[in-house]
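These notes concern the structure reproduced below.
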Amino acid sequence: MNKELIINVGSEGLDLALLEDKYLTELHQERTTNQFTVGDIYLGKIKKVMPGLNAAFIEVGHEKDAFLHYTDLSPNIRSVMKFTGQCVAGTVTPEQMLSNFEMQKEIVKTGNVKEVLNNKNQILVQILKEPISTKGPRLTCEISLAGRFLVLTPFNDSVGVSKKIDSAEERKRLKVLVESLKPKNFGVIVRTVAAGKNAAELHQDLLELQTKWQNMMRNLKGALPVTKVLSEMNKTTGILRDLLSPQFNKIVTNDVKLAKEVEEYITRIAPEKKDIVQRYTGSVPIFDHFGITKQIKSSFGKTVNMPNGSYIIIEKTEALHVVDVNSGHRSTMDGSQEGNALKVNLEAAEEIGRQLRLRDLGGIIVIDFIDMKHQDNKKALQDRMKEIMESDRATHTILPLSKFNLMQITRERVRPEISIATAETCPTCAGTGEITASLLLIDDIESDLDHLLTTHATVKLYCHPIIGAYLRKGIPSLRMKWLFKHKKWISIQANENLGLTDYKFFDDNDEEIKLE
C-alpha cells in the first residue's frame, strides 16, 4: 500500500489529506483559531468543585470551563500537585527531573473530588478531548508525552508494551530494554512502531521526551494560572510521528516554509526518507491537482455511493450516528438474495470503515445492514469489519450483528468531527428557493431585445435548451415574429450551463452585451 500526505496551506490554516493507493482515507484540519489541541498541557485554575458530579471545572482559557472528572485525576495527583508547586516556586531545576522527588500517597479509586481539590487554586492538566459542540475541553491529570516509539508518563514507574505487537518474545525484549533506559519515577509505554527497534533508537526517542519534560518545567517557573506550559506538536508532524512507515512514499505541500520544516523533521526521525518531501508549484490548487477535492465532494454528503450501484446514508445526532445500507437497483441483478446481500454488506463495511476515519465520527455508530439469514455470512461480515478497522487509530469496539442485522460500534471521539458542506448554492434561485415567474420570462427577453436592437446590428441569444425549444416552436414561432417586427434574424444558442430562467446576449464578435 502506497501512502501519500498532501498538505494544503491556506489563509485559515492547514488541510491535510492522507491518501492510501490514491484513495482519500483521512482528512485533518488545523485552524489558526483553534488554541486547544489534544496533548496540550496547561497550568489551570480550579473554578468550581462539584461533589455531586465527582468532578471539577477548570479554567484553561476557553470560553467554557474545562471538565475534569475524578477518574481522570491520576492516582498520583498529590505528587503532581506538589511537584507543580515546586516548579512554579522555582525550588526544583529542570535538570533534577523527578529522580529525587519523594512520591506522595496515591488516592483511592472510589474517592471524591472534594477530598483532593478542595481549597486548591491551581492544577496541572492536559487536554484529553478538544472542545466539541457546546462543551468545553475534557481534561486529565495523567500527563503523557508522546514520541515516535515511546510515550513518557511522569509520576509513574511502570513499563507497558502495545498489545498490537504480537510476538511475546519481542514484547519481553522491549520491556526489559526500556526498563533499563527509563529514569526513576517515570513510566513508559512502548508503541507498536517500536517493534524491531534497537536500544540506540529507543534511547534517542526517550532523551527527546525528557528534553520536552524539562522545557515544560522551565515554563512552569513563576507561571500563573491560566498558562499553556507545553504545546503538542502541530498536526502535520503529529501525523508523521504516528503514521510514517516504509509505505509512505510522498509528502507534498504548497508552502515553502512548511516543506522545509517537514523535511527537517523527517531528517531527524527517519533520514532515509527525507527525499519524499516535495513542494507543489502548479497553478491548479493542490487538492484539485491530486483529485482530493472531487473525493471530498463525493464522500461528505448525506448519501455516499459505491461502485456497484449500492449506497449508504449517514444520519447524525449529538452522540449517535446511524448508517443505512441500501442495495440500489443495479447490485441485485444476479445470484441469490443472500449472496447479493453479503456482497453489498461487505462493500458497505469497507466504505463505512473509511467514512469513520475520514469524518472522524465518534460516539455510538449503529449500522443497519441488509438482512442476512445465515450465521456464517453474519460472522464473515463482522470479521471483515474488524479487519477493516484495524488501521483505525481511534479506540473502538465492534459488537456482533443483532437478530435485526444491526451492528453497533463505539468509537472514541477526542476532536470535533469533520463536517464539510457538499451542496452548492443554486445558480438559478441563488439559494432563495424562488425564481422569476416563468410567465414573464419571454416578456423580459422581448423587452431587452427591443432595447438592444436599436444599437446593435446583430444580437445572439443564449438561453437554456428548454427555453430555446419554446422560442422555435410553432408556425409562426416567436423567433419568426421577432423577425417580422425588427427585420432582423435572432440566432438562438442553447446552453445547458445556464439556469432555466437565465439568458445572455452576444454581439457579432461573440462578446457578451451587458444589460444595465
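Observations on the model:
- Residue within region 229-241 that is farther than 28 Å from Asn76 by Cβ, of a type in the set (Asp, Glu) and either crowded, with 16+ Cβ neighbours inside 10 Å or free of Cβ contacts under 8 Å to residues at least 60 places away in the same chain (or both) present: no
- Qualifying positions in region 14-33 - open to solvent by 60 Å² or more (accessible area, probe 1.4 Å) and not hydroxyl-bearing (Ser, Thr, Tyr): Asp21, Lys22, Gln29, Arg31
- Matching residues, region 167-190, being open to solvent by 50 Å² or more (accessible area, probe 1.4 Å) and out of contact with any Leu (no Cβ under 8 Å at 6 or more places or on another chain): Ser167, Ala168, Glu169, Arg171, Lys172, Arg173, Lys175, Val176, Glu179, Ser180
- Residue in region 109-116 that is at pLDDT 90 or above, more than 29 Å from Thr395 (Cα to Cα) and either in contact with a Phe, Trp or Tyr (Cβ under 8 Å, 6 or more places away or on another chain) or crowded, with 20+ Cβ neighbours inside 10 Å (or both) present: yes
- Tally, over region 66-108, of residues that are of a type in the set (Ser, Thr, Tyr) and open to solvent by 20 Å² or more (accessible area, probe 1.4 Å): 4
- Residue in region 478-487 that is among the charged types (D, E, K, R), open to solvent by less than 60 Å² (accessible area, probe 1.4 Å), more than 28 Å from Ala430 (Cβ to Cβ) and out of contact with any Gly (no Cβ under 8 Å at 6 or more places or on another chain) present: yes
The values are calculated or read from the model by the stated rules, or taken from the named source; none is laboratory data. Not measured: the values here are computed from a predicted model. Here Cβ is always computed from backbone atoms with ideal geometry, including for glycine, and neighbour counts include all displayed protein chains. SASA here: full protein model, heavy atoms, side chains in, ligands and nucleic acids out. Shrake-Rupley method; radii C 1.70, N 1.55, O 1.52, S 1.80 Å.
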